[in-house]
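The values are calculated or read from the model by the stated rules, or taken from the named source; none is laboratory data. The model shown is predicted, which means the values in this text are computed figures rather than measured ones. Cβ placement follows ideal geometry from the backbone for every residue including glycine, while neighbour counts extend to all protein chains displayed. Please note that ligands, DNA and RNA were not included when accessible areas were found on the heavy atoms of the full protein model with its side chains. Shrake-Rupley method; radii C 1.70, N 1.55, O 1.52, S 1.80 Å.
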Amino acid sequence: MTRTRIAGIGMYVPQNVVSNDALASVMDTSDEWIQERTGIRERRYATRFEDTTTTMGVAAAKVAMERANVSPSDIDFVIFATLSPDYYFPGCGVLAQRLLGLKEIGALDIRNQCSGFIYALSVADQFIKTGMYKNILLMASETHSYGLDFSTRGRNVSVIFGDGAGAVVLQPSTDGRGILSTHLHSDGSEAEMLSMINPGFHAGKFVAAKKPKTPQQPFGGLFITKDLVENDDVYPYMDGQLVFKKAIVKLPEVIMEALNASNYRPSDIHLLIPHQANLRINQMVQHALRLRDDQVYNNIQKFGNTTAASIPIALCEAWENGRVQDHDLVCLAAFGSGFTWGSALLKW
Ligand SMILES: CC(C)(COP(=O)(O)OP(=O)(O)OC[C@H]1O[C@@H](n2cnc3c(N)ncnc32)[C@H](O)[C@@H]1OP(=O)(O)O)[C@@H](O)C(=O)NCCC(=O)NCCS
């Protein structure tokens, strides 16, 4: 049976370490509040005018490709997951294809926010298992720091997020190792509760209060308006408590779904790598599944929430630290904006 295995993994985080105290110097927050509520001690911010979501993804990809022992000419498909793309369009996939000097292969952009890596992995898995591609390069990268609201008004969101990238090279394997199953879910009924809807083409359709004041013109003028800029209505919005409550239900559910699909129990997991959104969420998931400390990997303390990049960054760091060994049962799980959530179970 052909499975999809991670043949190489890499990560890139920018050098700029930003402490909680540094944030407290620009907004009304504190190291104590941030650590107590989220576990985050520091995060990385991209080097301004130098790093972008694409360049960071490419930096991680180069490491992953070297470790997989593949060259740019071997790559036959590219997937790029992000919620903070360099351009509104085209997506980062083609920008990465250009920077890496890849052939005229397909480049797919995935925008499933915190679940982006799991969604992308699932898509790649289907292409590999059917035999369509042999070397898929998957990048997940985020540059949150360029666009957050660093005034006190935006503090519940801004203190959480960090920048960085992870990447994997995916190949077919026939020795039983690789992805056992992936499980994807969504529920758009509360889509706006964790969202950045502006600038956008929604014209206020779903949220009456967000209807743009139409300028005196017959066409256009509904995407970026002066109002949006003047009212600072161009930042992410999050109902943190709602997200928290959903996450601690859906994550254990989707992890159990993955385990049940292959007749495993939580005690069989060598390492669970949950999305790094909040240490308290992950501790509650660990408790719900009765997992030991050594079965769960967290690094949000150092990097904050890097959205699509958080799982590959954590997986890469865990592998580099020897926490993931050949044939280990590894479970990945994410929950985030959409809402979307998912899991993947793999034999490393
Ligand atoms: C964001 C989060 C840490 C906020 O913690 P919380 O306990 O829910 O806090 P609340 O939003 O209810 O706010 C509590 C108080 O802290 C204040 N506060 C919010 N952010 C703050 C900050 N950075 N510093 C200091 N105070 C802050 C609020 O203004 C509020 O004050 P008030 O009681 O005077 O009105 C938490 O809800 C969370 O992590 N949710 C999940 C987020 C998540 O996973 N997002 C990503 C999904 S991919």
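Can you find, within region 113-142, the residue that is most open to solvent (accessible area, probe 1.4 Å) among those that are of a type in the set (V, I, T) and more than 16 Å from the ligand (Cβ to nearest atom)?
Ranking the qualifying residues of region 113-142, first place goes to T130.
Looking at (1) within 14 Å of the ligand (Cβ to nearest atom); (2) closer than 16 Å to A191 by Cβ; (3) open to solvent by 70 Å² or more (accessible area, probe 1.4 Å), can you tell me which one A247 breaks?
Result: A247 passes all but (3).
Do any residues in region 119-140 that are on the phi > 0 side of the Ramachandran plot have Cβ atoms under 9 Å from those of residues that are in a loop (DSSP other than H, G, I, E, B), where the two are at least six apart or on different chains, and which pairs are they?
Sorted first by the residue in region 119-140, then by its partner, the pairs are G131/T2.
From the list A309, A288, A344, which residue is closer than 28 Å to P236 by Cβ, hydrophobic (A, V, I, L, M, F, W, C) and touching a Gly at 6+ places or on another chain (Cβ under 8 Å)?
A309
If we scan region 260-274, do we find a residue that is near the ligand (Cβ under 9 Å from one of its atoms) and either without any contact (Cβ under 8 Å) to a residue 12 or more places away in the chain or open to solvent by 20 Å² or more (accessible area, probe 1.4 Å) (or both)?
No, every residue in region 260-274 fails to be near the ligand (Cβ under 9 Å from one of its atoms) and either without any contact (Cβ under 8 Å) to a residue 12 or more places away in the chain or open to solvent by 20 Å² or more (accessible area, probe 1.4 Å) (or both).
Across region 286-302, what is the number of residues that are part of a helix (DSSP H, G or I), open to solvent by 10 Å² or more (accessible area, probe 1.4 Å) and in contact with a strand residue (DSSP E or B) (Cβ under 7 Å, 6 or more places away or on another chain)?
Within region 286-302, residues that are part of a helix (DSSP H, G or I), open to solvent by 10 Å² or more (accessible area, probe 1.4 Å) and in contact with a strand residue (DSSP E or B) (Cβ under 7 Å, 6 or more places away or on another chain) number 2.
What pairs come up if the first residue lies in region 159-177 and is at positive phi, the second is in a strand (DSSP E or B), and their beta carbons are under 6 Å apart, counting only those six or more places apart or on different chains?
Hits for this filter: G164/R44.
Which of the residues belonging to region 26-43 are of a type outside the set (F, W, Y), open to solvent by 90 Å² or more (accessible area, probe 1.4 Å) and farther than 22 Å from V13 by Cβ?
D28, E32, E36, R37
Going by the conditions given, is A61 part of a helix (DSSP H, G or I), out of contact with any Asp or Glu (no Cβ under 6 Å at 6 or more places or on another chain), surrounded by 21 or more Cβ atoms within 10 Å (Cβ to Cβ) and without any contact (Cβ under 8 Å) to a residue 60 or more places away in the chain?
Criteria not met by A61.
Residues in region 8-23 that are away from the ligand (no atom under 16 Å from the Cβ) and open to solvent by 20 Å² or more (accessible area, probe 1.4 Å): how many?
Within region 8-23, residues that are away from the ligand (no atom under 16 Å from the Cβ) and open to solvent by 20 Å² or more (accessible area, probe 1.4 Å) number 6.
Would you be able to say whether some residue in region 84-104 is within 16 Å of the ligand (Cβ to nearest atom), part of a strand (DSSP E or B) and not basic (K, R)?
no
Taking region 48-58, which residues are surrounded by 24 or more Cβ atoms within 10 Å (Cβ to Cβ) and in a helix (DSSP H, G or I)?
Passing the criteria: T53, T54, M56, G57, V58.
Just checking, does region 24-43 include any residue being under 13 Å from G164 (Cα atoms), of a type outside the set (G, A, S) and away from the ligand (no atom under 16 Å from the Cβ)?
Within region 24-43, not a single residue is under 13 Å from G164 (Cα atoms), of a type outside the set (G, A, S) and away from the ligand (no atom under 16 Å from the Cβ).
Answer yes or no: is there a residue in region 74-84 that is of a type in the set (S, T, N, Q), open to solvent by less than 60 Å² (accessible area, probe 1.4 Å) and under 22 Å from S195 (Cα atoms).
Yes: region 74-84 contains one or more residues that are of a type in the set (S, T, N, Q), open to solvent by less than 60 Å² (accessible area, probe 1.4 Å) and under 22 Å from S195 (Cα atoms).
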